[in-house]
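Worksheet for the structure shown next.
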Amino acid sequence: MYTPHVRTVRRATALPLLVAAALAAGSLSAAQPSAAQPSAAPTARAAGPGTDYAADDPFTADRTSWFRQDRFGMFIHFGPYSNLEGEYTRPDGTVCRDAEWIMRNCNIPREEYEKQAATFNPADFDAKAVVAAAKNAGMRYIVITAKHHDGYAMWPTKANSWNLHDHSAFDKNRDIIAELKKAADEAGIKLGLYYSIWDWHDPDFPDRATFPAYEKRMYAQLKELVDTYDPALLWFDGAWQQPWTAEDGERLEAYLRGLKPDLIVNNRVGKNRVTDGDFSTPEQEIPDTSVAGQLWESCGTLNDHWGYARYDDKWKSSSELLRNLLTTSSRSGNYLLNIGPDARGRVPGPAAERLGEMGNWLRTADQGEAVHGAGSGGLVEQPSWGTVSRKGDKLYAAVTQWPQSGGSLHLTTRTGFDVKQARVLGSDQSVSVTKSGDGYDIKPSGAATNETATVIELTVDPGATAAPGSGTGLKQEVFDNPELSGEPKLTRTDPTVNHSWKFTGSPDAGVPSDGFSVRWSGTLEPRRTETHTLSTVSDDNVRVWIDGKLVIDNWKPHNVQVDQAQVDLTKGRRHAIKIEYVEQTGEAHMKLLWSSPGQDQQVIPQQQLNPN
Ligand code: H79
């Protein structure tokens, strides 16, 4: 069996400006109560009761559409550590090896690290060539380290002089981030920027007492990045490190979304939870299934290091890398595959070679259709002989273990659907598909087309899906006590159960941010007759009844948790739903999602909900 490589909006309102202004004024603890927002438009970005940070559903929003389609991106780790190329010669002549962590792991004294950084001259960095290599590989976006843990900025920041412009031997007229942005724009490639919250260089980082001074510089740098390079995505890292807190994450995320509402942000902006940012970030690891409650992107290396390491020749084969990409996209995830340019800024030959081979495979006979724009689809179980992804009415079975002559591949189905047509991409052979046991047997008549994965395209009729409903949402009753007791403070129709009140927010300006409770009731109108997976993302207590039956019961105060229930729902029928939720103290979140074999995970949309 194939085993993947595993080492292991809304519009901005004027409100963000208040936050920005408070920051500019040096006050990071701005708490401006917002005006009451109608529940249909949770646009508030200012801290305080009434704020709802969930502006949209990342699973369906236009904002995230490119990210959900693109599937394959290039990570670039590049900084003054690249100048050492992974080797530090100690004063006693012995050599210590690492990569982007070399300063820390090899205990390089700060002055030494600064001294070598002053000689950093990546004159051969060729943004056009890097973008061309990404595009040629089938990658649709790039994320480059604007600042790694060593704190060194790869753009001409004005916040300090620890940067490529002011502290290097590099051409003072060049700005590699600007060059990359221009080349990416010209090639239709999205540019994202990596920014480490953890900073080894800034003396104000480690101590909570001095941290606000660091944080101010960090906000200034991030504003520079957004204003100057207009990144499509920000990729944070190191936020697990003290003294960074979940409250700091709440404030930073709100600040960034105020700067650029359609920005995509990873979950390391906060504390790596499904409620932080837009997507989860498994590192050097591919989860077994789609991540419940959040988009996801797996980042991984081509060899064993992120930053350039001249001694590291443990290159993965392009076949293994492609299979990782197929596994990832078949689970509705993205693959962010890393290159580490050398001291001169050149892409290592073996890296370029593998990217080229990946691109060749993806272009051949349109095999890339199995990746770009494809996702899990859910119609079938994951097979042991490869991966299956879905794009509309096509299933792409990427077979890594081709059957012996005359043999067949079994597909276990999770719902009823018909197969209309089957063909092998890049081959004239015939493919027979017959019903068998819990699914279909697929029997190709010829040989595999290549060693990596041979793609069988099945054209399917996924069965009856009802047109979208015309619902208006659920009845929502909000109580200003944590017991759902007495008269509700307010009653209204809530379009979706998709709320991130976090620490400071609440359902209404008149409801405190701690000690409130909410009941939703009405009906749920599914579009397919299937077993649905209902997921709640909650903090704190939650319980859900469907047709009078308690199906989710997590009635103890808790931190962010995902709870799931399998429920049989019937197309077009209005199933009764009731949800009770309590916010005790701390953060508050409450989301309700569904998925089924024929329905990708999403927040249950307004059209399928009714208040009665
Ligand atoms: O930039 C590369 C590494 O230098 C950096 N992240 C990648 C993209 C990195 N810094 N530290 N680490 C990786 C190791 C820390 C890993 C963990 Fe975790 C932090 C384990 C648990 C918390 C990563 C983040 C895995 C889960 C969350």
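Annotations for the structure displayed:
- Of all DSSP beta bridges confined to the stretch 72-370, the antiparallel ones make up roughly 10%.
- Annotation: amide H-H contacts under 5 Å for residue 551 (H modelled 1.01 Å from N, sequence separation of 5 or more, or interchain): 544, 545, 546.
- Among the cysteines of the chain, those with no neighbouring cysteine Cβ under 4.7 Å are 299.
- Alpha-carbon centroids, the stretch 363-419 and the stretch 489-511: separation in whole Å: 42
- Using the Stokes-Einstein relation with a Kirkwood hydrodynamic radius computed over Cα pairs, the translational diffusion coefficient of the chain at 37 °C and a viscosity of 0.692 mPa s comes to 127 µm²/s.
- Candidates per trypsin sites (Lys or Arg not before Pro) in the stretch 442-523, loop by DSSP, up to 13 other Cβ within 10 Å: none
- Between the stretch 312-340 and the stretch 128-174, the alpha-carbon centres lie 23 Å apart.
- If both residues of a DSSP beta bridge must be in the chain, then about 75% of such bridges are antiparallel.
- Stretchable slack from residue 364 to residue 220, in nm (0.36 nm times residue separation minus alpha-carbon distance): 47.3 nm
- Rounded to the nearest 500, the helix-only mean residue ellipticity at 222 nm of the chain stands at -5500 deg cm²/dmol, with each DSSP H run of n ≥ 4 adding -39,500 (n - 2.57).
Read the figures in this text as sums done on the coordinates, not as results from a lab. Because the structure is predicted, anything quoted here is derived from the model rather than measured. Please note: Cβ atoms are built from the backbone with ideal geometry, for glycine as well, and neighbour counts cover all protein chains shown.
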